[in-house]
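In what follows, a single structure is set out as structure tokens and then discussed.
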Amino acid sequence: MAANPVSLIPARHKNVNRAEVCDQNFLEFVQSWQGGAARQPSALSPQPSSPVLPGSLCTVEDFVQLLDSQLVSRHLDLMARVLRVKNKVFYTIGSSGHEGNAMVARLTRHTDPAFLHYRSGAFMAERFRKLPGMDPIMDSALSFAASKDDPASGGRHKVWGSKPLWVLPQTSTIASHLPKALGTAVAIEQGKRIGHALPIPDDSIAICSFGDASANHATAQTAFNTAQWTAYQKLPAPVLFVCEDNGIGISVKTPRDWIGASFSGRRDLDYFTADGLDLAAGYEGVARAVYHCRTTRRPTFLHLRTTRIMGHAGTDFEIEWRSVEELMAVEATDPLLRSAAIALEAGIYTKEQLLAKYEDIRKRCFAAADEADRRPKLTDLAEVIAPLAPYRADKVAAEAKRFDHAEKRLAVFGSAEKLPEKQAPRHLAIQINNALHDLFAKYPETLLFGEDVAQKGGVYTVTKGLHKAFKNARVFNTLLDETMILGLAQGFGNLGMLPLPEIQYLAYFHNACDQIRGEAASLQFFSNGQYRNPMVMRIASLGYQRGFGGHFHNDNSITALRDIPGLVVGCASRGDDAAMMLRTMVALAKVDGRVCAFLEPIALYMTKDLYAAADGQWQFAYPSPDQALVLGEERVYASEANDLVIFTFGNGVPMSLRAAREIEKAHGWKVRVVDLRWLVPLNDAAIARHAGECKRILVVDEGRKSAGVGEGIITAIVEGGHGAKPLRRVVGVDTYTPLAGAALLVLPGDADIVAAAATLSR
Ligand SMILES: Cc1ncc(C[n+]2csc(CCOP(=O)(O)OP(=O)(O)O)c2C)c(N)n1
Ligand SMILES: [Mg+2]
């Protein structure tokens, strides 16, 4: 065995630049190798198929390539530290100490979707071998340099990502990728159950790596829990969680043995360990974990021992907060020293060969970085945002109106007489329900899931009958966890299915918001349009439930959705619009991979009347399946009227229509009511046009005063040049919604609209 490396490390005590120290350590370790210059001369190197060390599963061939991947990763890190200060590289969070993760890549396939920790340089280098003609060094250098030629993100982020290698780029929000990784694992199995043609082999597994500190995050814990919850019911969830345990998160040490103590005894999460610091010793543990996951289809937790060399990032001067002795002790566990020892000990390389290899890879990394530095950067705004929110209007319209499922829907609805368009006008809940049945008939890859959506049909019976018609594989209850509901949705989307996740109440979207804000909506942007997770998220929303529920069932804030880049948000106030909006959203998801939020105003679900009890005027006929909305298109009531225009949406629409009658009576004004229907993006041009055509303007926004849709509408009016017209906003109060009748004190009502109009009478 190798001599204890600690004793070989000279005391370069005060060097702040630990990258230089580690580099020197390797060189000196090899140069001063005294292990008898290898047991066997290099001419007698072991056969490639023989183990590198007695008892190891890792063959010489495996080892040689793994070491190569480790060196590529290490030199990319070293290069990044040198070139960052020259402004040629824009990211220095490295992989040093984690190079053992190359084993995970070697023992899995390039078609196993991978959601990677940021210390995955060696994993990537190894995975690159799986397809011919790919160059991990150049690809990584382009990403480090934020060149628009970067094949992962087109220069938008330094990410580990690759379309052909099934590495989906991740954000920097730690743990946020675990739910979607599990979602993808579940999707592999669910796809098979619904007969969906998977883009990857049927026995694929999802790989998800993360750090030891990240494992504590609520978002990580929900994925572990859901994996366990799934396996507990004997349902397959082939996810390989790889915890790369370096014992620290930035500067906070993980309690000794915490990961093992916390994860080794979890029910239905099968625990494996492997030494990621030693290829010869660790290979078998990794192989066991991968084999177990693939063959049993059970969630598998691989606890991979790693260390962290060179600090958290280039900006982390560890020497300022850790003792030199401690740093040296950590640096002595550098897995590359161990790999060097194995190579020399087994006679795979001589010292000279190994040093030559080390320097050769260094040279290639710097050459690639120089080349990457010369490659073009993103310099044009349109180019930057091109993949964010693709919208091919013609294709979306054609897809939304495509009607070729006549027979299938006959089977779903029962008979020609029972088709929904042949029925009398109905209220919102019924028409959403009909539209969902229709979409399920049209798209065999749709899935609907959430809390209580299956047998019960949802809290408001909006999904009633779907489970019966389309069965468990397509309509199912999840566990009670919104983060995971949206993680599942991303997983299905990743594999080409069309998820319709339901969030039971808008208030409960907020605790899972990051899954849309940080993750789902960002995927096309950060993958330069190469990956997508289309979905239509249905959310029961808004207030006015006639005394029921209090704040959390009447949440009227859509602010958290409004500024999510690329997200489409729509809110239908009536049944026919709802059906047509859903068709368009599904088409947006299908055609352009968009993430859409469909807000269902709870108080209008059962509303049948508009002006008076039993007038039935808020029921509408089901639109035939070849009708859809255009993204952004508003519905206009009394389009010729021009004394006053009221801009509104949701519950505001029937309120404004009622108020319009009163206003006409009081002032003799003809009132135009504009239901915006699409809240993100707002149709600024349409708002400006109506504002321009009318003498006075009201904005009725049932949401809260601050940061609500109303602010966006006012901005569009002012920027459209109509801010000088008589203009008022009728809006909710900046408060939580109280219980019972008091709710109506904080929400705008018909009378408030009439009163606001009266102030415009100049
Ligand atoms: C949600 C979130 N909170 C905080 C951070 C800042 N942050 C980045 S990495 C990190 C520590 C992660 O440690 P660990 O999971 O052990 O991974 P390691 O860096 O040690 O490999 C923190 C706190 C973040 N990126 N995301
Ligand atoms: Mg850590």
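The values are calculated or read from the model by the stated rules, or taken from the named source; none is laboratory data. Every value quoted in this text rests on a predicted model; they were computed, and no experiment measured them. Cβ atoms come from the backbone with ideal geometry, glycine included; neighbour counts cover every protein chain shown. In case anyone asks, the SASA skips ligands and DNA or RNA and just uses the protein heavy atoms, side chains included. Shrake-Rupley method; radii C 1.70, N 1.55, O 1.52, S 1.80 Å.
Any residue that is in contact with a Gly (Cβ under 8 Å, 6 or more places away or on another chain) and not small (Gly, Ala, Ser) - is there at least one of those in region 691-698? The answer is no; no qualifying residue exists. Contact map, region 577-597: residues that are open to solvent by 10 Å² or more (accessible area, probe 1.4 Å) paired with residues that are of a type in the set (Asp, Glu) and assigned to a helix (DSSP H, G or I), Cβ distance under 7 Å, separation 6+ or inter-chain. Pairs shown: Lys590/Glu399; Val591/Glu399. State all residues of region 62-111 that are of a type in the set (Phe, Trp, Tyr) and surrounded by fewer than 24 Cβ atoms within 10 Å (Cβ to Cβ); if no residue qualifies, say none. Correct list: Phe90, Tyr91. Evaluating Thr715 against the criteria (1) farther than 28 Å from Val586 by Cα; (2) of a type in the set (Val, Ile, Thr); (3) in contact with a strand residue (DSSP E or B) (Cβ under 8 Å, 6 or more places away or on another chain) leaves one unmet condition, (3). Scanning region 718-732 for residues that are touching a helix residue (DSSP H, G or I) at 6+ places or on another chain (Cβ under 8 Å) and surrounded by 13 or more Cβ atoms within 10 Å (Cβ to Cβ) gives Gly720, His722, Gly723, Lys725, Leu727, Arg728, Arg729, Val730, Val731, Gly732.
This table checks each residue for (1) surrounded by fewer than 19 Cβ atoms within 10 Å (Cβ to Cβ); (2) over 27 Å from the mean Cα position of the chain (by Cα); (3) away from ligand 2 (no atom under 12 Å from the Cβ).
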residue	(1), (2), (3)
Glu244	no, no, no
Thr273	no, yes, yes
Ala280	no, yes, yes
Glu284	yes, yes, yes
Val290	no, no, yes
Leu304	no, no, no
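Among the residues here, Thr171 qualifies as modelled with pLDDT under 95 and either among the aromatic types (Phe, Trp, Tyr) or part of a loop (DSSP other than H, G, I, E, B) (or both). Residues of region 246-266 that are more than 14 Å from ligand 2 (Cβ to nearest atom) and crowded, with 23+ Cβ neighbours inside 10 Å: none at all. Note on region 447-467: residues that are touching a Lys or Arg at 6+ places or on another chain (Cβ under 9 Å), surrounded by fewer than 21 Cβ atoms within 10 Å (Cβ to Cβ) and either within 17 Å of Phe413 (Cβ to Cβ) or basic (Lys, Arg) (or both) total 4.
Identification of helices (runs of 4 or more DSSP H) wholly contained in region 363-477 with 1 or more residues that are among the aliphatic types (A, V, I, L, M), more than 30 Å from Thr226 (Cβ to Cβ) and modelled with pLDDT of 95 or more yields 381-385, 393-401, 406-413, 428-442. Suppose we keep only residues that are near ligand 1 (Cβ under 9 Å from one of its atoms) and open to solvent by 40 Å² or more (accessible area, probe 1.4 Å) within region 194-242. Which one would you say is nearest to the chain's Cα centre (by Cα)? Taking the candidates together, the pick is His217. Scan region 132-144 and give yes if some residue there is away from ligand 2 (no atom under 16 Å from the Cβ) and farther than 27 Å from Phe90 by Cα, otherwise no. Yes, because at least one residue in region 132-144 is away from ligand 2 (no atom under 16 Å from the Cβ) and farther than 27 Å from Phe90 by Cα.
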